[in-house]
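Here the structure comes first, spelled out in structure tokens, and everything after it is commentary.
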Amino acid sequence: MDKTTAPTSATQLILYWLIVGTPLAWGVWKTLAKLPALLQ
Amino acid sequence: MSFLDRERIIAKPGFSRWLVPPAALAVHLSIGQVYAFSVFKIPLTQSIGITHSVPGDWTQPSLAWIFSIAIAFLGISAAVFGRWVEKNGPRKTMLAAACCFGGGFLIAALGVAWHQLWLVYLGYGVLGGCGLGLGYISPVSTLVKWFPDRPGMATGMAIMGFGGGAFIGSNLSLTLMDAFKTATSTGVAPTFVAMGAIYFLFMLFGSLIVRVPPDDWKPAGYQPPVQTQKLITTANVAVDQAWRTPQFWCLWVVLCFNVTAGIGILEQASPMIQEMFPKVTGPSGEILKKGISATAAGGFVALLSLFNMAGRFVWSSLSDYLGRKTNYIIYLLLGAILYCLVPMSGHLGNHIAFIAVSVVIISMYGGGFATIPAYLKDLFGGMQVGAIHGRLLTAWSVAGILGPVLVNYLRVYLQQRGATGVELYAPAMYLMAGLLTIGLICNLAVRPVAARYHYRDGSPSNNAPSRPTELTPEHSSTR
């Protein structure tokens with residue numbers, strides 16, 4: 001059986017979401033750092 | 001049967017559909033980099049001079065064409081290759097998008113290294129633009145098929161990634177340029193090479209994990225509603241029929257004007273807030289009003305990007321409950337009112353009100369992008385929604401030119417006649433409100449698609465879809 005289409009495990013779900021979520025969180029975090037200047 | 005074929009990626013029993021959004025996000029977070037291309041503008045104008053522009057260096061207007069060509073080819077490729085995308089499935093399309101987008105960066109890197117601007121146009125603009133178009137529509141149509149119960153939320157997730165890609169793109173570009181910069185190089189060419197490789201790998205990951213549902217698949221416990229809303233069809237319309245319908249062109253105008261209005265603000269955000277709220281000094285030089293600094297304006301742009309991203313998910317998810325037409329009435333009607341309030345906030349000198357109005361406008365700009373695939377699915381069915389979406393994206397190409405041109409040219413025209421501050425932007429804001437009102441009228445004119453356009457199995461008049469077996473019994477009539 002093709003491993004990639006085997007029933008989904010929770011680990012696989014968490015791993016995939018982490019792979020795409022981490023760079024997005026990094027980008028948002030770096031951008032949020034620019035906001036205090038606007039609020040001053 | 002090739003590893004890339006649609007038949008090889010049909011999900012087996014037990015596969016969770018929640019594995020598909022990460023595949024879509026991997027592609028959209030990558031191609032969303034295009035929104036952050038402006039961070040290369042200044043370094044590219046100093047390719048020869050390194051620390052400052054010298055004769056022979058590229059000018060800003062000539063560099064502005066890179067972004068415009070990329071967006072134009074996004075729309076063109078999405079329209080031209082839409083049917084190919086539906087036929088070949090998401091894995092092959094996402095891989096093609098990865099090759100185009102990554103390869104576009106590599107060719108552009110050669111253009112920078114050899115100081116040949118036409119190579120940058122060809123690489124990032126034409127080839128990269130095709131990567132944008134293919135990468136944009138493929139995951140969207142796949143998600144619509146995986147989430148028939150929540151199409152708005154599903155497409156919102158993917159298209160939110162396109163907005164979020166700007167955060168990654170801008171910070172990654174700046175980090176890499178800092179790392180590669182030397183006394184004799186701005187570091188742009190090696191940054192392009194590195195970004196081409198990184199984005200190729202990230203998009204490749206998406207193409208490897210993406211799956212399509214079996215033809216007769218439905219979410220557990222989901223029953224398509226028997227008595228549904230009037231605008232939600234259970235029939236299908238082929239792409240070559242869809243764009244002959246008045247509904248397609250109504251939505252084309254809606255998308256075009258909603259994007260024109262939003263892009264007009266996004267593109268001018270930094271100078272606009274600084275010019276509308278300038279520093280005011282007294283006769284003896286004392287500061288009467290602090291005004292908005294360039295750094296604070298950078299924070300404003302960041303805030304707009306956040307709301308642009310969040311609006312895509314929030315508004316689109318909300319459309320599953322409110323209905324697509326109602327959502328667009330809100331975007332266009334509330335948008336028109338808010339555009340009229342922008343100059344007022346400037347006249348009052350209230351920058352908090354200006355920021356509050358702007359972020360709502362931009363959230364609805366993002367929401368407009370994210371809700372349109374679900375609106376198309378409601379009207380034309382899911383059979384070729386990716387291809388239809390592709391053709392509708394030509395509206396984005398037009399708006400990408402129209403929005404900045406309207407705001408910029410009006411501003412220059414008024415400046416030449418002595419206008420300052422709020423007066424530089426007020427007419428453009430009222431013009432945008434007018435465009436949104438036209439969009440509102442078009443949205444109100446949207447009715448269910450006439451039965452003569454519906455796809456019937458084996459009908460030679462309709463271009464046969466790639467997967468006619470998708471026409472399950474519940475797709476046989478319009479309610």
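Below is a table of values for the structure above.
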read-out	value
Extent along principal axes [Cα atoms of chain B; Å; largest to smallest]	80, 49, 37
Mean separation of Cα contacts under 8 Å (6+ apart) over length of chain B, as relative contact order %	24 percent
Footprinting exposure proxy for B:SER270, B:SER319, B:SER305 (fewest neighbouring C-beta atoms within 10 Å first)	B:SER270, B:SER305, B:SER319
Cβ neighbours within 10 Å from other chains - mean over B:29-35	1
Shielding by partners - mean other protein chain Cβ count within 10 Å, residues of A:11-24	5
Modelled FRET efficiency - R0 41 Å, B:TRP249 with B:LYS41, Cβ distances, 0.05 increments	0.70
Packing-based exposure ordering (other Cβ within 10 Å, fewest first) of B:HIS115, B:HIS389	B:HIS115, B:HIS389
Spin-label model distance (nm) - B:ALA445 vs B:ASP457, 7 Å beyond Cα toward Cβ	3.6 nm
Sum of side-chain charges, B:THR93 neighbourhood, beta-carbon under 12 Å (Lys, Arg +1; Asp, Glu -1)	+3
Unsatisfied cross-links (Cα-Cα over 30 Å) in the set A:LYS30/B:LYS92; B:LYS41/B:LYS377; A:LYS34/B:LYS279; A:LYS30/B:LYS279; A:LYS30/B:LYS377; A:LYS30/B:LYS12	A:LYS30/B:LYS92; B:LYS41/B:LYS377; A:LYS30/B:LYS377; A:LYS30/B:LYS12
Zone residues, region B:328-365, relative to B:LEU288, backbone N less than 14 Å from point 7 Å out along Cα-to-Cβ	B:349
Cα convex hull volume per residue for the protein assembly as shown (Å³)	156 Å³
Peptide B:162-173 - average C-beta neighbours from other chains (10 Å radius)	4
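Quick note: the coordinates plus some simple rules give every number you see, no bench work behind them. Since this is a predicted model, take the numbers as computed values, not measurements. When we count neighbours, we look across all protein chains shown, and the Cβ atoms used for this are built from the backbone with ideal geometry, even at glycine.
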